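A.B. asks: This is the structure I have questions about; it appears just below.
Rule-based calculations on the coordinates, nothing more; no lab input. Given the structure is predicted, the values throughout are model-derived calculations rather than measurements. As a convention, Cβ positions derive from the backbone with ideal geometry for all residues, glycine included, and neighbour counts pool all protein chains shown.
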Amino acid sequence: MPDKFDVIVIGVGTMGVPACLYLAQRGLKVLGIEQFDIPNDHASHSGYTRIIRKAYYEHPDYVPLLIRSYELWKELEYNSGIKLYHETGILYLGEESSPVLQGCLESSRLYQIPVESWSRSKTKEKFPHFQYPEDWISLWEPEAGYLHVNESIQSFYKAALQQGASFQTNEKVEAWTQTENGIEVKTDKGFYLAHKIIFTSGSWTQDHLPNHKLPLTVTRQMLAWLDMSNSAYYSSPHFPCWFVHDPEKGMYYGFPDSNLKNQAEPPGIKIGLHVRGELTSPSTIERSIGNEDEKIVDLFIERYFPQGQGVQRSYKTCMYTNTPDENFILDYLHDTNQQVVLACGFSGHGFKFAPVIGELLAQMVCNESSDLNIDFLRLNRFNHSTL
């Protein structure tokens, strides 16, 4: 007879591992199945650090989710005894008409999130590191910063184990079937049965759900590090997290030197470009760095960061799993009697939401009510009968 669980979570990464924790806290028998290690360097959480912020330009309905997420990150830090969140503030630079900056101001207005409009002289006084056009504006969000990725996932993982959750790592799901007895899951190493199943499998989601035409595309994304000689000058509080909205290329974003002293993370300040990269898949993604990747960094340095010229660079790749509107998908799968739950399509801005998504998934499985509005994340917004 196969091992039987209340819930099986497929994909124990950014969203899967907190889901396992909050399900186990509710007394459920939980199994998380992960095809790699926990954490790993193959998925969307590759890159060591992620920005967290409240004045959300993407959609103001995310702000209540973020407020709860901040609470849960603080709780995880307290329980683990590990500092995961570093409040550096975020500097936003762009044209006055920039939808990024205007969206931040709108979320700030709706939810009383502290966001300051700075004069050019104040910006240059506080952070003289950047050059930018005379007619641009700058905003400052003090209650923002970055999270340590691997340490966060490891903290959730250890907490979930302490609550009684079980995990199978380096085990690949080959098939799953919904039957009158529940959900049957076949892997390359075993066979399991559960009453309900959650898919938090990131860029592999469509592979697990080939009969459901989910509106997902996977893209290759590049991250770069510049090893600046004066690391203290490029560390918080002297250097913040930042967004630079280039009207041609899109939104560059970055981090101060994190001073993690982690041998795995490249030294220096980290830079990314938050636009969809080239289409790919987990099995075909090109991990090596090419000329186009270097040109992205070259342009940023030329226009906004001239002191980065000639500096030693390091690179890494990760994947975005995108929806058409770049909002998440959090819902029950159609025609599964609410036994199959789906969390995917985080479109490159999901990590900061990890604990609140995990909590919401646990509430969905347990049919608990929530004060948080997630209607804008439902599948029915795409109006497709096969979802």
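A.B. asks: Quick one: which residues, 5 or more positions from residue 171 or on another chain, have an amide H under 5 Å from its amide H? H modelled 1.01 Å from N in the peptide plane, none for Pro or chain starts.
C.D. replies: Sorted by chain and number, the residues that satisfy this are 34, 35, 36.
A.B. asks: If you don't mind, another one. Specify the residue with the greatest mean-square fluctuation among 160, 354, 175, computed from a Gaussian network of the chain linking alpha-carbon atoms under 10 Å apart.
C.D. replies: 175
A.B. asks: In addition: Quick one: if you stick a label point 7 Å off each Cα along the C-beta vector at residue 26 and residue 284, how many nm between them?
C.D. replies: With each label placed 7 Å out from Cα toward Cβ, I get 3.8 nm.
A.B. asks: Summing +1 for each Lys or Arg and -1 for each Asp or Glu, what net charge is found among the other residues whose Cβ lies under 9 Å from the Cβ of residue 140?
C.D. replies: Details: positive: 122, 126; negative: 116, 141.
Here the charged neighbours net out to 0.
A.B. asks: Also: Kindly give Rg over Rh for region 79-146, based on alpha-carbon atoms, with the Kirkwood expression for the hydrodynamic radius.
C.D. replies: Numbers: Rg = 13.9 Å, Rh = 13.2 Å.
Using only Cα positions, Rg/Rh for region 79-146 is 1.05.
A.B. asks: Given the -39500 (n - 2.57) contribution per DSSP H run of 4+ residues, what per-residue ellipticity at 222 nm results for the chain, rounded to the nearest 500 deg cm²/dmol?
C.D. replies: Value at 222 nm, helices only: -7500 deg cm²/dmol.
A.B. asks: Let me ask something else. When only Cα pairs under 8 Å and 6 or more residues apart are kept, what is the percent relative contact order across region 1-93?
C.D. replies: Details: 60 pairs, mean separation 18.2, N = 93.
Relative contact order comes out at 20 percent.
A.B. asks: Tell me, in nm to one decimal, what length is gained between residue 367 and residue 298 on full extension, where the rule is 0.36 nm per residue of separation less the Cα-Cα distance? Write out the running numbers ahead of the final one.
C.D. replies: Numbers: separation 69, 0.36 × 69 = 24.84 nm, distance 5.03 nm.
Gain on stretching residue 367 to residue 298: 19.8 nm.
A.B. asks: Give me the number: length gained by fully extending residue 172 to residue 41, i.e. 0.36 nm times residue separation minus the C-alpha to C-alpha distance, one decimal in nm. Each step should come with its number before you reach the end.
C.D. replies: Details: separation 131, 0.36 × 131 = 47.16 nm, distance 1.61 nm.
So the extension gain works out to 45.5 nm.
A.B. asks: What FRET efficiency, computed as 1/(1 + (r/R0)^6) with R0 = 51 Å and r the Cβ-Cβ distance, is obtained for residue 121 and residue 82, rounded to the nearest 0.05?
C.D. replies: Efficiency at R0 = 51 Å is approximately 0.85.
A.B. asks: Please list, in chain and number order, the residues 5+ apart from residue 138 or on another chain whose amide H is under 5 Å from its amide H, with Hs placed from the backbone.
C.D. replies: Amide H to amide H, under 5 Å and 5 or more residues apart or across chains, residue 138 pairs with 118.
A.B. asks: Also, quick follow-up: Nearest-5 percent of antiparallel DSSP beta bridges in the chain?
C.D. replies: Values: 53 of 74 bridges.
Around 70 percent of the beta bridges assigned by DSSP in the chain are antiparallel ones.
A.B. asks: Below 8 Å, C-alpha to C-alpha, sequence gap of six or more: please give me the relative contact order for the chain in percent. All intermediate terms of the calculation are to be shown ahead of the outcome.
C.D. replies: On the way: 795 pairs, mean separation 91.9, N = 387.
Relative contact order for the chain comes out at 24 percent.
A.B. asks: Round to the nearest 0.05 the FRET efficiency obtained for residue 188 and residue 339 when R0 = 25 Å and r is the Cβ-Cβ distance. Spell out each step's value before the answer.
C.D. replies: Numbers: r = 23 Å, r/R0 = 0.94.
My answer for the efficiency is 0.60.
A.B. asks: Quick one: angle between helix 16-25 and the longest Cα principal axis of the chain, in degrees between 0 and 90, rounded to 10, please.
C.D. replies: Roughly 60 degrees between the two axes.
A.B. asks: Rounded to the nearest 0.05, what FRET efficiency is calculated for residue 376 and residue 309 with R0 set to 35 Å and r the Cβ-Cβ distance?
C.D. replies: 0.25
A.B. asks: In sequence order, what are the phi-derived ³J(HN,Hα) couplings for region 239-247 according to the Karplus relation 6.51 cos²θ - 1.76 cosθ + 1.60 with θ = phi - 60°, rounded to whole Hz, with x for glycine and proline?
C.D. replies: 9, x, 6, 7, 10, 10, 8, 6, x
A.B. asks: Excluding residues on the same chain fewer than 8 positions from residue 270, give the lysines whose Cα lies under 27 Å from its Cα.
C.D. replies: Leaving aside lysines fewer than 8 places away in the same chain, those within reach of residue 270 are 54, 74, 83, 122, 124, 126, 249, 261, 295, 316, 352.
A.B. asks: Between residue 229 and residue 71, what length in nm is gained on full extension when 0.36 nm per residue of separation is reduced by their alpha carbon distance? Don't skip to the end; give the middle numbers.
C.D. replies: Values: separation 158, 0.36 × 158 = 56.88 nm, distance 3.62 nm.
Contour length minus the Cα-Cα distance gives 53.3 nm.
A.B. asks: Could you give the distance between the Cα centres of region 277-355 and region 174-204, to the whole Å?
C.D. replies: The distance from the Cα centre of region 277-355 to that of region 174-204 comes to 27 Å.
A.B. asks: With the contact rule set at Cα under 8 Å and sequence spacing of 6 or more, what percent relative contact order holds for region 173-284?
C.D. replies: Working: 156 pairs, mean separation 25.6, N = 112.
Relative CO of region 173-284 lands at 23 percent.
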